Every structure is written in C-alpha cells, then in structure tokens.
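Structure first, then comments.
The values are calculated or read from the model by the stated rules, or taken from the named source; none is laboratory data. Predicted model, so just to flag it, every value in this text is computed and none were measured. Virtual Cβ from ideal backbone geometry, glycine too; neighbours counted across all protein chains shown. For accessibility, only protein heavy atoms count, side chains too; no ligands or nucleic acids. Shrake-Rupley method; radii C 1.70, N 1.55, O 1.52, S 1.80 Å.
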Amino acid sequence: MSRTLLFACDLSAENRAAFARAIRLANDTGARLDVIHVLDPHLPRRVVPRLEEAVVADITATLTDIREDYALDEPATLIQTVAGAPYAEIIREAHEREADMIILGTHRKRGQPDLVTGTSLARVLRGAPCPVLSVSHPATQPWQDILVPVDFSLTCRHTLHETLRRFPEGRLTLLHAWNIPGERELGSRSDYALWRDREVARLRRHLEQEIDQLLGELERVPEVTLELEQGDPLEVLMTRLRRQPPQLLALGSRGQLGRHSQITERLLAEPHCDIMLCRSW
C-alpha cells in the first residue's frame, strides 16, 4: 500500500517551513503528499467555488516557490479544500486517507503554555490516528540529529519504534532521566554513592537490552546513543533542548493534552526544534 502524508496548509507565512518539510519528507519516503486547506463552513455558497479555485492556485504557486527555493523534486501531490472545523477535518481526512503522518505548522502562541490546549494543533494531537509533526524550523536538510526521551512505558516503546523505522539514516540520542530514592538524605555517604552507581549501571544495562531487542526487529537501523541524566524528566529534557537542541524531537503523546501532558504543552509553547508526537500505541 502506498504511503500518504497529510499536510494541513493555512496559507500563512509561518506555514512555509512546514510545507517545505512536507515536500522533503514526501520525496525521501516516496509518499504521496495530500495538501488540504480547511474553509469556513459558514461562507456564502456563491463565493465558495471562486475561493476554492483561488486557494488551490495559491497552494500550487507556493509549492513551486518552495521547490525552487530548496531545490526539491516535485512529489506526487493532491491539493484539495474541505469545509468545517480545522482540527476535526484534519483528523477526519487523516482517517479516510489512512495517512502515515500529519504535518502541521508550529503553534503560534509561543511562550504561553496555558494557551496551547485549545489550538487546532493540540486538538489534532488528541485525536490523530498517526504521528503528528509540528514544524518550526526551515527544512534545509534531512534530519540527522534526533532526540528521543525514553523510559519503560508503552508510549515510549511505540515512539522509539516509529522513530527507528522512519529515520534509519539519522543519528538518534536516547535520553533517560533517572532519580534514585534517598539522594537528598544519604547522598553524601560513600556507601550510598556506591549503591547508587550500581543501580544506575543496572538501569543502563536494562535500557540497553530493551533497545537491542527493538533494533533486532528492524532491517535498517540508525546510529543510536544512550544517555542517562539525573533529574526530573521535564527539566532534564528542557535543559538539554536549551543547551544542545536537536533537529527533531520524537515524543509520545499520552492522551489528553492539557490534563496530564505538561511536557508536551511546554514544548509546543517553546519549540526549540521540530517535534514529532506519536500516540501511546
């Protein structure tokens, strides 16, 4: 079955980077690129045909401009308009087209995590049947430096598998944040420090076994590095993104954004890089 990438185009200047990334990914994977624009369902009927024609012409011209700017080949492309609530139509179209990925521009309310929840991006994340890519940086080259936070959850395993499968030519850094009980009370004692180091070494071995098992299931695998850092998962991740931002962050989306996804909210409000969010299973 041929692969389909679904790109939701809102005709804004901010959407240009996402459009370029969608074209590049379609070329790299041999997928068809379906570009949709969601119209207001309350528009007068007499203006809809002319508006649809203008929107398709604008998207086609933008596609040509981006291809020339980035020296990209033209993928198989389908451009259409639909009417309705943007987030609902994007999800519906992804289901109907059996899309392999949804590609969106970044959330515009940067630095305001409390405003992320009601955006189309956040709503798409909650209901998408496939990974969702939020693009905020120019697509000047394929992603090479990819960061994946890892733990022992089903969400993490699924996200890591998706990332390994999709980007076999990349370099993956797997980041695990750890905390050992008693650090505050016993951290200065030498016997505790020895025990802690043994526990961290055991944790590393466990993670390496999990990763090796997953790599063994794939025909082509990227270069993988495992890093362990002590601290709260959110703070460890944010510190890493500020200090050494990757080109792509692959993250699991655990259900209802805004209720128990503080990491996702924070990252969407402060996009240090492009972000791929995968559902939990």
### Summary
The number of residues in segment 207-234 that are surrounded by 12 or more Cβ atoms within 10 Å (Cβ to Cβ) and either farther than 15 Å from Val148 by Cα or of a type in the set (Val, Ile, Thr) (or both) is 6
### Task
Would you please list the contacts, defined by Cβ atoms under 6 Å and residues six or more apart or on different chains, that run from a residue in segment 229-256 that is on the phi > 0 side of the Ramachandran plot to a residue that is surrounded by 14 or more Cβ atoms within 10 Å (Cβ to Cβ) and at pLDDT 90 or above?
Gly231/Ala177
#### Entry: Selected residue [of a type in the set (Ser, Thr, Tyr), out of contact with any Lys or Arg (no Cβ under 8 Å at 6 or more places or on another chain) and part of a strand (DSSP E or B)] from Thr159, Thr173
Thr173
### Query
Looking at segment 240-261, is at least one residue at pLDDT 90 or above, in a helix (DSSP H, G or I) and either among the hydroxyl-bearing types (Ser, Thr, Tyr) or open to solvent by less than 20 Å² (accessible area, probe 1.4 Å) (or both)?
yes
### So Ile59, is it at pLDDT 95 or above and touching a helix residue (DSSP H, G or I) at 6+ places or on another chain (Cβ under 7 Å)
no
### Query
In segment 137-149, what residues are buried (at least 21 other Cβ atoms within 10 Å of the Cβ) and assigned to a loop (DSSP other than H, G, I, E, B)?
Ala139, Trp143
#### Entry: Failed item, numbered, when Ala18 is tested on (1) in a helix (DSSP H, G or I); (2) closer than 17 Å to Leu133 by Cβ; (3) in contact with a helix residue (DSSP H, G or I) (Cβ under 9 Å, 6 or more places away or on another chain); (4) not aromatic (Phe, Trp, Tyr)
(3)
## Note on the structure
Considering residues that are in contact with a Leu (Cβ under 6 Å, 6 or more places away or on another chain) and hydrophobic (A, V, I, L, M, F, W, C), the number found within segment 26-42 is 3
